[in-house]
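Accompanying notes for the structure given below.
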Amino acid sequence: MSTKDELLKLFESNKGEWFSGGEIGERLDISRTAIWKAVESLRADGYAIEAVKSKGYCLSPDTDIVSSQGVAKYLKKDLDVKVFEEVVSTNTLLKELASGGAGEGCVVIANSQTGGKGRMGRKFFSPSNSGVYISVLLRPNEMAPEKALKITTMAAVAAASVIEEVTGKEAKIKWVNDIFVDGKKAVGILTEASMSMESGNLEYAVLGIGFNVYLPEGGFPEELSDIAGALLDAKMPDAKNRIAAGFLNHFFEIYDDPEHLHYETCYKEKSLVLGKEVDVISALGERRALVLDITDDCNLVVRYDDGTEGILSSGEVRIRPLRGTK
């Protein structure tokens, strides 16, 4: 670990506390010059570090920058967390690591993405300093590809749970992979998988999730402004680290349990589409339907306008406006 990383670990674990140069030097076994250089480098990264003669150095408790050290202090499980300022796509990077032999629990987090992925080939808007973008490597034991939906729905429940803990706002799940807060999409989930040709089961899965923590500078692009929203209206100290770690804690609590903690009940309770009229969107076009139920596998049970019923395990739905409204 570099001097800069060691110093950040010390500061993140003791936000708001003052450390003299001598104390830091003794703890980390480094010179005062090395301390000064590391502090200046952290300041260049955006960290608000105060320096006062006779008191020393202090990381402002109001700081909200995601870092591996900041996430680690909240984690309940030992995970290999790698944090980057900017990547093309956290999912793409983690798939490369998976192909190279990375193990389950390898996590890539970025402050921004230049080519963030959404479902159905869409892009996920991932500007700098406003969100947290996370990908998690999973190597489930003997999971058939058609069961991969469970990973996405587990993640949706975990995301809704941490949002409510950190922000105090209600989070609702729009089947299958979006989280809405205050009526707008604030979180998107994309699970990508590699199948073993020998067993027919998943070799690995990469779970990607993006949280819009704050409104981006200048707002969302015009095509997203009516549907995209953020979790928080104002800066909150350490929100990004708390959200990232809290999501990972909730997700692995469900994923690691043999019965998955019966999370399906929570998924159903937080559903935004249950009982609603929707447009079912597929490669064949769109069909109007009423959502009747959500199964134990988190599939959607719908009744189409012609009276026939179907069970959806993939695809997308769009909630229709109430009759008589635009």
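The values are calculated or read from the model by the stated rules, or taken from the named source; none is laboratory data. If you're wondering where the values come from, they're calculated on a predicted model, not measured in any experiment. We place every Cβ from the backbone using ideal geometry, glycine too, and count neighbours over all the protein chains shown.
This table checks each residue for (1) within 30 Å of Ser68 (Cβ to Cβ); (2) charged (D, E, K, R).
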| position | (1), (2) |
| --- | --- |
| Ala244 | yes, no |
| Gly275 | no, no |
| Val280 | no, no |
| Gly285 | no, no |
| Arg303 | no, yes |
| Asp306 | no, yes |
| Leu312 | no, no |
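I need the full set of residues from segment 3-22 which are part of a loop (DSSP other than H, G, I, E, B) and either within 26 Å of the chain's Cα centre (by Cα) or without any contact (Cβ under 8 Å) to a residue 12 or more places away in the chain (or both), in order please.
Hits for segment 3-22 are Asn14, Lys15.
Quick one: count up the residues across segment 283-308 that are loosely packed, with under 13 Cβ neighbours inside 10 Å and not aliphatic (A, V, I, L, M).
Selection size over segment 283-308: 6.
Can you tell me which residues in segment 23-35 are free of Cβ contacts under 8 Å to residues at least 12 places away in the same chain and not in a loop (DSSP other than H, G, I, E, B)?
Passing the criteria: Gly25, Glu26, Arg32, Thr33.
Applying the selection to segment 128-142, what residues are buried (at least 17 other Cβ atoms within 10 Å of the Cβ) and part of a loop (DSSP other than H, G, I, E, B)?
Ser130, Pro140
Considering segment 217-244 alone, what residues qualify as being of a type in the set (A, V, I, L, M, F, W, C) and either under 18 Å from the mean Cα position of the chain (by Cα) or in a helix (DSSP H, G or I) (or both)?
Ala228, Ala230, Leu231, Leu232, Met236, Ala239, Ile243, Ala244
Among the residues of segment 257-282 satisfying the criterion of being in a loop (DSSP other than H, G, I, E, B) and free of Cβ contacts under 8 Å to residues at least 60 places away in the same chain, which is surrounded by the fewest Cβ atoms within 10 Å (Cβ to Cβ)?
Pro258
Only one residue in Ser54, Ser41 is of a type in the set (S, T, N, Q), in a helix (DSSP H, G or I) and over 16 Å from the mean Cα position of the chain (by Cα). Which one?
Answer to the check: Ser41.
Could you go through segment 70-81 and let me know if any residue there is in the same structural domain as Asn111 (by TED's automatic domain parsing), closer than 23 Å to Leu207 by Cβ and part of a strand (DSSP E or B).
Looking through segment 70-81, at least one residue is in the same structural domain as Asn111 (by TED's automatic domain parsing), closer than 23 Å to Leu207 by Cβ and part of a strand (DSSP E or B).
For the list (1) under 30 Å from Ala98 (Cα atoms); (2) buried (at least 18 other Cβ atoms within 10 Å of the Cβ), I need the number of the one condition that Tyr214 fails.
Answer for Tyr214: the failing condition is (1).
Would you call Glu223 surrounded by fewer than 16 Cβ atoms within 10 Å (Cβ to Cβ) and farther than 24 Å from Ala155 by Cα?
In short, yes.
Quick one: what pairs do we get from segment 213-230, first residue free of Cβ contacts under 8 Å to residues at least 40 places away in the same chain, second among the charged types (D, E, K, R) and surrounded by 10 or more Cβ atoms within 10 Å (Cβ to Cβ), C-beta under 9 Å, 6+ apart or different chains?
Listed by first residue and then by second, the contacts come to Asp226/Lys184.
Consider Pro216 against the criteria (1) at pLDDT 95 or above; (2) touching a Phe, Trp or Tyr at 6+ places or on another chain (Cβ under 8 Å); (3) farther than 24 Å from Ile151 by Cα: it satisfies all of them except one. Which criterion is unmet?
Answer for Pro216: the failing condition is (1).
Could you tell me whether segment 163-172 includes any residue that is assigned to a helix (DSSP H, G or I) and crowded, with 23+ Cβ neighbours inside 10 Å?
The answer is yes, given that some residue of segment 163-172 is assigned to a helix (DSSP H, G or I) and crowded, with 23+ Cβ neighbours inside 10 Å.
Of the conditions (1) of a type in the set (A, V, I, L, M); (2) buried (at least 21 other Cβ atoms within 10 Å of the Cβ); (3) touching a Leu at 6+ places or on another chain (Cβ under 9 Å); (4) at pLDDT 95 or above, Val66 fails just one. Which one is it?
(3)
Is it the case that Met154 is over 27 Å from Lys9 (Cα atoms), touching a residue at least 12 places away in the same chain (Cβ under 8 Å), in contact with a helix residue (DSSP H, G or I) (Cβ under 9 Å, 6 or more places away or on another chain) and in a loop (DSSP other than H, G, I, E, B)?
Against the criterion (over 27 Å from Lys9 (Cα atoms), touching a residue at least 12 places away in the same chain (Cβ under 8 Å), in contact with a helix residue (DSSP H, G or I) (Cβ under 9 Å, 6 or more places away or on another chain) and in a loop (DSSP other than H, G, I, E, B)), Met154 does not qualify.
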